[in-house]
1. On alpha carbon coordinates alone, what is the Rg over Rh value for segment 2-61, Rh being the Kirkwood radius?
2. Calculate the dipole size of segment 2-61 relative to its Cα centre from +1 charges on Lys and Arg beta carbons and -1 charges on Asp and Glu beta carbons; express the result in debye to the nearest 20.
3. Just to be sure I follow: if Rg is taken over the C-alpha atoms of segment 87-171 and Rh is the Kirkwood radius over the same atoms, what is Rg/Rh?
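Please treat every number below as a calculation from the coordinates, not as lab data. Model, not experiment: these values are computed from the prediction. Cβ atoms come from the backbone with ideal geometry, glycine included; neighbour counts cover every protein chain shown.
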Amino acid sequence: MRAGRLLNLVLILQQRGRATAAELADRLEVTERTVMRDIEALSGAGVPVYAIRGPGGGFQLLEGYQPAPISPADWQPRERRPGRARRATVRISVEGRRLAALLSRLQPLRVKRDVPADEDGWLQATFRLESLEGVAIDVLALGADIEVLEPPELRELVADRARRTARLYRDGAAPRS
């Protein structure tokens with residue numbers, strides 16, 4: 001049953017920290033493709049799961065994520081817009097577009113052809129918004145080469161994470177050991 005498998009997937013990632021698609025497929029007794037579909041479903045449902053590419057990579061939950069148990073009486077379906085998937089709008093530099101493609105972030109990134117580039121050559125683009133936490137990590141990976149315009153909750157989340165990061169580096173503080 002898929003619901004049970006999705007729950008098991010989250011539990012495995014909580015226990016192990018990081019696991020490859022092959023490891024998850026073996027543990028769940030499904031194909032790697034099924035694991036990929038399940039990861040996409042979890043991300044779309046708001047579970048902050050993300051991929052790490054390269055040697056030692058795999059799938060991982062956002063650090064500190066703890067699913068909040070709720071009683072069946074308290075459960076409410078997520079508010080969804082009917083029809084098209086929700087999208088985020090950003091301003092992005094030429095370097096930001098190159099980095100996004102190179103790092104496989106925010107893909108597919110669709111440039112708005114009806115909005116001309118600004119005086120600095122930045123373009124407006126959109127991408128599919130599935131998980132605020134996951135997308136915030138992708139936006140922060142592009143640094144100062146991207147600015148979130150919409151939705152406001154993503155813009156606020158990215159700003160909050162950037163402020164927290166800046167505090168770590170402010171005033172030349174020594175690294176913690």
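1. 0.91
2. The dipole magnitude comes to about 80 debye.
3. Value, to two decimals: 0.97.
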